[in-house]
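Engineer: Before I ask anything, here is the structure I am working with.
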């Protein structure tokens, strides 16, 4: 079937089965490989994208459920204020170790800041709980989110 979806501010027409996960449309059909495959069961968060600003696991989101929603991937999140501040804070705190989970981590963190510009530790824990980092950079992730929230509050 043919679907037209809005991804990163552009309309894309794809010819796939309706139950094809958004992850595979992004990676295999459109060549947007920043979104990663981790578990295929929405348990690890590596495949996180934003759908209408909400952090969503693309590995279990069928393309036919997207409709008129807008999808933002790691390739474009830096164009948003929360995404840019998170990416800068990630670098400042040297969050990345192996890097595999980082696109999903950044997408979840930027969705958190977009909806809650002053998150508490509990808010951060809740928003990031579905994102697994096998390298264990959780302390640096939390500190980077706090730094990004502070930078946004100052207008940096």
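The values are calculated or read from the model by the stated rules, or taken from the named source; none is laboratory data. What you see is a predicted model, and the numbers here were worked out from it, not measured in a lab. All Cβ positions, even for glycine, are placed from backbone atoms using ideal geometry, and neighbour counts span all protein chains on display.
Engineer: When residue 153 is evaluated against the numbered criteria (1) over 21 Å from residue 50 (Cα atoms); (2) touching a helix residue (DSSP H, G or I) at 6+ places or on another chain (Cβ under 8 Å); (3) not in a loop (DSSP other than H, G, I, E, B), which criterion, by number, is the only one it fails?
Structural biologist: Every listed condition holds for residue 153 apart from (2).
Engineer: With respect to residue 87, is the statement that it is modelled with pLDDT under 95 and either more than 13 Å from the chain's Cα centre (by Cα) or buried (at least 16 other Cβ atoms within 10 Å of the Cβ) (or both) true?
Structural biologist: It is false that residue 87 is modelled with pLDDT under 95 and either more than 13 Å from the chain's Cα centre (by Cα) or buried (at least 16 other Cβ atoms within 10 Å of the Cβ) (or both).
Engineer: So, of the residues in segment 59-81 that are in contact with a helix residue (DSSP H, G or I) (Cβ under 6 Å, 6 or more places away or on another chain) and farther than 16 Å from residue 102 by Cβ, which turns out to be surrounded by the fewest Cβ atoms within 10 Å (Cβ to Cβ)?
Structural biologist: For segment 59-81, the residue satisfying everything is 61.
Engineer: So which residues in segment 42-58 are touching a helix residue (DSSP H, G or I) at 6+ places or on another chain (Cβ under 7 Å) and either surrounded by fewer than 22 Cβ atoms within 10 Å (Cβ to Cβ) or within 14 Å of residue 105 (Cβ to Cβ) (or both)?
Structural biologist: Across segment 42-58, the qualifying residues are 42, 45, 46, 47, 48, 49, 50, 53, 54, 55.
Engineer: Which one of the conditions (1) modelled with pLDDT of 95 or more; (2) surrounded by fewer than 22 Cβ atoms within 10 Å (Cβ to Cβ); (3) not in a helix (DSSP H, G or I) does residue 96 fail to meet, given that it meets all the rest?
Structural biologist: (1)
Engineer: In addition: Having 3 or more residues that are more than 27 Å from residue 119 (Cα to Cα) and either touching a strand residue (DSSP E or B) at 6+ places or on another chain (Cβ under 7 Å) or touching a residue at least 24 places away in the same chain (Cβ under 8 Å) (or both) is the bar; report the strands (runs of 3 or more DSSP E) wholly within segment 1-89 that clear it.
Structural biologist: Answer list for segment 1-89: 2-7, 10-15.
Engineer: Sticking with this structure for a sec: Restricting to segment 118-139, what's the tally of residues that are out of contact with any strand residue (DSSP E or B) (no Cβ under 8 Å at 6 or more places or on another chain), touching a residue at least 12 places away in the same chain (Cβ under 8 Å) and surrounded by 14 or more Cβ atoms within 10 Å (Cβ to Cβ)?
Structural biologist: 7
Engineer: Ok, one more. Report whether or not residue 103 is in contact with a helix residue (DSSP H, G or I) (Cβ under 6 Å, 6 or more places away or on another chain) and farther than 15 Å from residue 147 by Cβ.
Structural biologist: For residue 103, the condition - in contact with a helix residue (DSSP H, G or I) (Cβ under 6 Å, 6 or more places away or on another chain) and farther than 15 Å from residue 147 by Cβ - is met.
Engineer: Among residues belonging to segment 140-156 that are touching a residue at least 24 places away in the same chain (Cβ under 8 Å) and farther than 14 Å from residue 123 by Cβ, point out the one that is surrounded by the most Cβ atoms within 10 Å (Cβ to Cβ).
Structural biologist: 144
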